[in-house]
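What follows is a single structure, written as structure tokens, with notes after it.
The values are calculated or read from the model by the stated rules, or taken from the named source; none is laboratory data. Because the structure is predicted, anything quoted here is derived from the model rather than measured. Cβ coordinates were reconstructed from backbone atoms using ideal geometry, including for glycine residues, and neighbour counts include every protein chain displayed. Side chains are part of the model used for accessible areas, which takes the heavy atoms of the whole protein and leaves out ligands, DNA and RNA. Shrake-Rupley method; radii C 1.70, N 1.55, O 1.52, S 1.80 Å.
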Amino acid sequence: MKMQARLCRALNTLFPLPVHPFNLHSTGISYGEWQYKKGLDTVKYYLPYTNLHEMFCDKSVLDIGCGAAGKTLFYADQGVKKIFGLDVLEKYRKDAENLALELGFMGVFEFVHADAAALPFAENSLDTIIMNDAFEHVAQPQKVLSESMRVLKPGGRLYINFPPYYHPFGAHLSDAIGIPWVHLFFNDATLIEVYRHAVAGLSDGKERWEFRIAKDEKGKEYFSYINKMTIARAKKIVKNLDLKPIYYHETPLRSFFTPLAKLPYIKELFIKMAVYIFEKN
């Protein structure tokens, strides 16, 4: 093992892991149940501008990146007319549908296995689209935004919030690596090596590995599950599409970080969430 990897592993023993959905086995609740309990947290960043009734009541809704659909079913509980939970991973279908049945939402909920860059919905067909912690994962973010605006009805809204890449846990490795800002101190090759070692002995270690890491056309391993979305890059994509948000906000990590979250060059280190709301004309 290389020196950098050994150093990273040693440092990792000093930091407790944040709560992570991959590590719920000791809590006695499933991923979907955990999502459902956290449902309000997934929309709280929009509430300074809107409310749950306006977002969901009597609306046809799409939740992009639904996972096991717990949060999707929280939205369903707000009086939706119809709600679709879309994920690129088919493996979540069974758990999502079982939870919908348990909670009594099978009449309004449908799991959709698809790529958000090619939405299987007609133009002008949805009232609300929400992307909670998903924009940083999609492979073609500009195409996903374009597709979302295509399928929205006039007056429909797209809600996006994402932690920028330079967030303390923006590398999305905190199920096994608890060092904040670890991706600023160690390169991807080191992090891949450390992550591989950290999950090797877990019952789902192979699944975690395959979810996060792939090989490019030259056989080089890379983190395939994130696109390293920054606030600057998101703003460039929005500009390229000539979209005008009706609401935009940058939430600092903590209130005492607010001055740092406003400084050029370093601000993205201290921002917890970037929040957009778009409305189709």
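Quick notes on this structure:
- Residue ID - surrounded by the fewest Cβ atoms within 10 Å (Cβ to Cβ), chosen from residues in the range 263-272 that are more than 15 Å from Lys235 (Cβ to Cβ) and touching a strand residue (DSSP E or B) at 6+ places or on another chain (Cβ under 9 Å): Lys272
- Residues satisfying the stated conditions in the range 192-211, i.e. of a type in the set (A, V, I, L, M, F, W, C) and part of a helix (DSSP H, G or I): Ile192, Val194, Ala198, Val199, Trp209, Phe211
- Residue count for the range 187-211 satisfying the condition of being among the aromatic types (Phe, Trp, Tyr) and surrounded by fewer than 20 Cβ atoms within 10 Å (Cβ to Cβ): 2.
- The set of residues in the range 35-54 that are more than 14 Å from Tyr276 (Cβ to Cβ) and either in contact (Cβ under 8 Å) with a residue 24 or more places away in the chain or acidic (Asp, Glu) (or both) comprises Gln35, Tyr36, Lys37, Lys38, Gly39, Leu40, Asp41, Thr42, Leu52, His53, Glu54.
- From the options Lys244, Lys228, Lys153, residue that is basic (Lys, Arg), in a loop (DSSP other than H, G, I, E, B), within 30 Å of Lys280 (Cβ to Cβ) and in contact (Cβ under 8 Å) with a residue 40 or more places away in the chain: Lys228
- The range 4-48, subset surrounded by 15 or more Cβ atoms within 10 Å (Cβ to Cβ) and among the aromatic types (Phe, Trp, Tyr), residue nearest to Thr251 (Cα to Cα): Tyr45
- Close pairs from the range 75-95: first without any contact (Cβ under 8 Å) to a residue 12 or more places away in the chain, partner open to solvent by less than 20 Å² (accessible area, probe 1.4 Å) and not acidic (Asp, Glu), Cβ under 7 Å, at least 6 apart: none
- Subset of the range 101-131 [under 25 Å from His172 (Cα atoms) and touching a Phe, Trp or Tyr at 6+ places or on another chain (Cβ under 8 Å)]: Phe111, Val112, Ile129, Ile130, Met131
- Options Ala189, Ala214: the member that is among the hydrophobic types (A, V, I, L, M, F, W, C) and not in a helix (DSSP H, G or I): Ala214
- Subset of the range 56-83 (residues that are more than 16 Å from Asp41 (Cβ to Cβ) and either surrounded by fewer than 24 Cβ atoms within 10 Å (Cβ to Cβ) or among the β-branched types (Val, Ile, Thr) (or both)): Cys57, Asp58, Lys59, Ser60, Val61, Ile64, Gly79, Val80, Lys81, Lys82, Ile83
- Residue match in the range 174-186 (condition: open to solvent by 50 Å² or more (accessible area, probe 1.4 Å), of a type in the set (D, E, K, R) and farther than 21 Å from Tyr49 by Cβ): no
- Evaluation of Ser148 against (1) surrounded by fewer than 22 Cβ atoms within 10 Å (Cβ to Cβ); (2) of a type outside the set (A, V, I, L, M, F, W, C); (3) under 18 Å from the mean Cα position of the chain (by Cα); (4) within 18 Å of Lys82 (Cβ to Cβ) (one fails), failing number: (1)
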